[in-house]
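Asker: Have a look at the structure that comes next, please.
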Amino acid sequence: MSVEQVPESTDGLHWFKSSYSGSGGGDCVEVATSPEAVYVRDSKLASGGPMLRVSQDTWMALVKLAAR
């Protein structure tokens, strides 16, 4: 598995969070995809916090595990 903190600009990405997150704050993550990777960040720190970049394969493995 390959996971890394992202140093480059990701300004062109479209971020979204789960429809289960609601709008009342809480602990949520946001996700954005590109052809090469999936990016994940904390929604409360979106404007300047850290984010992770994982491969498409790694993301799919995580989704499959979470769906169990």
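Asker: Give the residues of the range 22-34 that are within 14 Å of the chain's Cα centre (by Cα) and either modelled with pLDDT under 70 or not in a loop (DSSP other than H, G, I, E, B) (or both), sorted by residue number. Even if it seems obvious, please write down each step before you answer.
Answerer: We begin by selecting, within the range 22-34, every residue within 14 Å of the chain's Cα centre (by Cα); these are 27-34.
Scanning the range 22-34 gives ASP27, VAL29, GLU30, VAL31, ALA32, THR33.
Asker: Still on this model: Provide a single number: the residues in the range 40-62 that are surrounded by 10 or more Cβ atoms within 10 Å (Cβ to Cβ) and modelled with pLDDT under 90. Steps first, answer last, please.
Answerer: Filtering the range 40-62 for residues surrounded by 10 or more Cβ atoms within 10 Å (Cβ to Cβ) gives 40-46, 49-62.
The next check asks that each one be modelled with pLDDT under 90; those that pass are 40-46, 49-53.
Number of matching residues: 12.
Asker: Looking only at residues in the range 1-21 that are over 10 Å from the mean Cα position of the chain (by Cα) and modelled with pLDDT of 80 or more, which one is surrounded by the most Cβ atoms within 10 Å (Cβ to Cβ)? Even if it seems obvious, please write down each step before you answer.
Answerer: Filtering the range 1-21 down to residues over 10 Å from the mean Cα position of the chain (by Cα) leaves 1-14, 18-21.
Keeping just the survivors that are modelled with pLDDT of 80 or more gives 12-14.
Working: GLY12: 7, LEU13: 16, HIS14: 8.
Top of the filtered list is LEU13.
The values are calculated or read from the model by the stated rules, or taken from the named source; none is laboratory data. What you are looking at is a predicted structure, and each value in this text was computed from that prediction instead of being measured. No Cβ is skipped: glycine too gets one built from the backbone with ideal geometry, and neighbour counts run over all protein chains shown.
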